[in-house]
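Engineer: Handing you this structure, nothing more for now.
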Amino acid sequence: MMPRPLTPILTLIALTLCSVSAQETERVALVGDSMMKLLAHQAGREFVKRPGVEVVLQFTSLGSGLARLDAFDWMAKLEAIMAEHHPHTVIVALGANDRQPMALPDGRTVEPGNPGWEEEYARRVGQAMDTLLKGGARRVVWLELPDMRDEPIQKDAEIINAIFRREAERRPHVFFFETRPFLSRKTGGFTKFIMDERGRPVEIRDPDGIHLSRAGADLVAAHLMRFLWPGS
């Protein structure tokens, strides 16, 4: 049986237990693929407004992911990030490019749709999370992929999100951060516009139907602030 997600109260307790002390500056890193590019800028700009928070790294590698470690070795990069920057909190956005063939450790290639693909991808996701924790992260926040406009990409995102959730729930200091409840009017359905507090439409997604717009990145950043530092 898959573990149940933490309740809001338990999540708050867990976040409090793994956060830094009041006397210590909290070091935050934002890393990921193209989904993180705008978000890292917008979130980083907001995070530094909070006393006691330092954004030590905003790193994105476009077109990369955990499926093609031969093209960009995220495992080595995450290890290097922890060794060089020593962040307490790491926010990760990966997966948008990952529904593609993967090379297994024995040299065979496994295709998406094969059960072996999900097993290998889950292993890599878990390895990435463990690398961050072993490197000294006190909490890892792994972002859910938002709902996608095109059906094939949406199906891929559903599979990848399920893996992210399962692997995060196996690790006490890793949090699967849901984005779809506030990026979609109905979870599972792509939403390009939402209404602001004045009833005006705001475009939160990029025209490609995959990425966030600047307003969408602002929205995720605001929710991250409240999640990381309740009461913000």
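Engineer: Using beta carbons and a limit of 7 Å, which pairs, at least six apart or on different chains, have the first residue in region 146-167 and under 11 Å from Gly209 (Cβ atoms) and the second one assigned to a helix (DSSP H, G or I) and basic (Lys, Arg)?
Structural biologist: Note: pairs meeting the criteria are Pro146/Arg180; Asp147/Arg180.
Condition check ((1) of a type outside the set (D, E, K, R); (2) surrounded by 20 or more Cβ atoms within 10 Å (Cβ to Cβ); (3) under 19 Å from Glu120 (Cα atoms)) across all residues:
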position	(1), (2), (3)
Arg45	no, no, no
Pro51	yes, no, no
Leu69	yes, no, yes
Asp73	no, no, yes
His86	yes, no, no
Gln100	yes, no, yes
Ala103	yes, no, yes
Gly107	yes, no, yes
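Engineer: Turning to a different aspect of this structure: Among the candidates Gly95, Gly126, single out the residue that is closer than 25 Å to Arg170 by Cα, surrounded by fewer than 18 Cβ atoms within 10 Å (Cβ to Cβ) and under 15 Å from the mean Cα position of the chain (by Cα). Explain how you work it out, then say what you get.
Structural biologist: Details: Gly95 fails: surrounded by fewer than 18 Cβ atoms within 10 Å (Cβ to Cβ).
Answer to the check: Gly126.
Engineer: Moving on to the next point. Can you name the residue in region 191-213 that is assigned to a loop (DSSP other than H, G, I, E, B) and basic (Lys, Arg) and is also modelled with the highest pLDDT among such residues?
Structural biologist: Within region 191-213, the subset assigned to a loop (DSSP other than H, G, I, E, B) is 191-192, 196-200, 204, 206-211, 213.
In the following step, the residues that additionally are basic (Lys, Arg) were identified as 192, 198, 200.
Numbers: Lys192: 97, Arg198: 86, Arg200: 92.
Among residues in region 191-213 that are assigned to a loop (DSSP other than H, G, I, E, B) and basic (Lys, Arg), the one modelled with the highest pLDDT is Lys192.
The values are calculated or read from the model by the stated rules, or taken from the named source; none is laboratory data. These numbers come from a predicted model, not from an experiment. FYI the Cβ positions are ideal-geometry reconstructions off the backbone, even for glycines, and counts take in every protein chain you see.
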